[in-house]
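Student: Quick one: structure below, then a few questions.
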């Protein structure tokens, strides 16, 4: 991959100081990430109530995993079809569709009469999450100058972190107000249902905000709307030579008016090498088990003696700190580079996961199967698990979305990001679905050993396969690297 930066490179003719309107547009474009974080985290405080028999559906371990991970099935398909939809309809219109689906899913999931209906509408909500997880990073990367693309694309992960915080705060507020997720709150419904239905509010906000977003200049050029693209480049990006930028975009898109699935084909096991790299980075982000903390930590800490409210408090503190370290990752990614951030993150995560595994190896079990840890080991295990998640947020959480948003050449970017995002959601589904079963079969110790091994394999993959894309213009990304 050519790492030289040309003075006439696309989106390179912008002032060093970021344009205020560009920051506003990027922040608005990342609102899908807020919904992404909110929706995927909303199950954290509700999972025990949903799967229990008192106010939920009375599920076994396998069905518990399916109930929690069902949205991720929709995420896989949403991420995949988002690429084709965004090339056909535009990045912004796909965000509008996602907002509608969020509202629809939130209301009908919260009022579901049985587990079948619940899973069906969680899958529909997952479609919306898949759309935003694909279109958000692609949109932001396409409207950002190369020199600050890592920082600006990081807005997506920051929005995800803020969505997680908001979801946990709302969940905890309901638990405090009602006395527990299983307790009746309003209109004869338990509070866990209100937790899910509240997702409709940010979904509606996203739908409204999307109408104020300008379309991606690259999409506009692809559709022959050069005048509109020039206006976006001048007004939003503050490009000093928009005509040259449009010319460079056209060159990168030449001969590929309509991206096709066959364009992903190559000599490396049937696909272009860059496609496999994108898939690999997306998968390894999930295989270290970070979303086990995201989905199950309130339930996990309750098993070692924390009350429901204290478990939620730990989750909220962790989520707030996650937002802080995400900002740190955004600030440093363009300085240290993508590869270094991912490699350092992998090592730190592997060590902390090993500590968590050792902590759980010290546990004993009572007659009901509840975990008992001494105070010292409990504190160490909880601390290591939460610091692991913070390390993930500061490194892999930020850098993965940046990498898949920028590594693909223009002519296959939408499809490449869609495939990588779908792979990310497949990994998310597998980890989330299997955790309850692994916990019940091989135990927490070996489950976290497995996640530690995956973190080490992630280090190897980054060191061996991922090229540095820091500062490289999107128009200079190559398929064979």
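Student: First measure r as the distance between the Cβ atoms of residue 89 and residue 243, then evaluate 1/(1 + (r/R0)^6) with R0 = 25 Å and state the FRET efficiency to the nearest 0.05. It would help to have the intermediate numbers written out before the result.
Tutor: On the way: r = 27 Å, r/R0 = 1.07.
It comes out at approximately 0.40.
Student: Continuing with the same structure: If R0 is 30 Å, what FRET efficiency do you get for residue 21 and residue 104 from their C-beta distance, rounded to 0.05?
Tutor: On the way: r = 32 Å, r/R0 = 1.06.
Efficiency computed from Cβ-Cβ geometry: 0.40.
Student: Points 7 angstrom from Cα along the Cβ direction at residue 372 and residue 111: gap in nanometres?
Tutor: 4.7
Student: Quick check: from the Cα gyration tensor, does the stretch 324-435 come out rounded (a/c under 1.5), prolate or oblate? Let's see the in-between values first.
Tutor: Details: a/c = 3.73, a/b = 1.85, b/c = 2.01.
Because a/c hits 1.5 or more and a/b fails to exceed b/c, the stretch 324-435 counts as oblate.
Student: Also, I was wondering about something else. Quote the FRET efficiency, to the nearest 0.05, computed for residue 460 versus residue 269 with a Förster distance R0 of 22 Å and r equal to the Cβ-Cβ distance. Mind showing how you got there, number by number?
Tutor: Values: r = 18 Å, r/R0 = 0.83.
E between residue 460 and residue 269, to the nearest 0.05, is 0.75.
Student: Here is a further query. So what is the relative contact order for the stretch 334-433, in percent, with contacts set as C-alpha pairs under 8 Å and at least six apart? The partial results should precede the final answer.
Tutor: Details: 61 pairs, mean separation 29.1, N = 100.
It rounds to 29 percent for the stretch 334-433.
Student: Over the chain, what is the relative contact order in percent, taking alpha-carbon pairs closer than 8 angstrom and at least six residues apart? Provide the component values of the computation, followed by the final result.
Tutor: On the way: 906 pairs, mean separation 130.8, N = 481.
After rounding, I find 27 percent.
Student: So if I restrict to the alpha-carbon atoms in the chain, what is the Rg, and what is Dmax, the biggest pairwise distance, in Å?
Tutor: Radius of gyration, then largest Cα-Cα span, for the chain: 22.0, 73 Å.
Student: Using a cut-off of under 12 Å, list every residue of the stretch 107-142 whose amide N is near the label point 7 Å from the Cα of residue 187 along the Cα-to-beta-carbon line.
Tutor: 107-112
Each value in this text was obtained by applying a stated rule to the coordinates, not by laboratory testing. What you see is a predicted model, and the numbers here were worked out from it, not measured in a lab. So basically every Cβ, Gly included, is an ideal-geometry build from the backbone, and we count neighbours across all protein chains shown.
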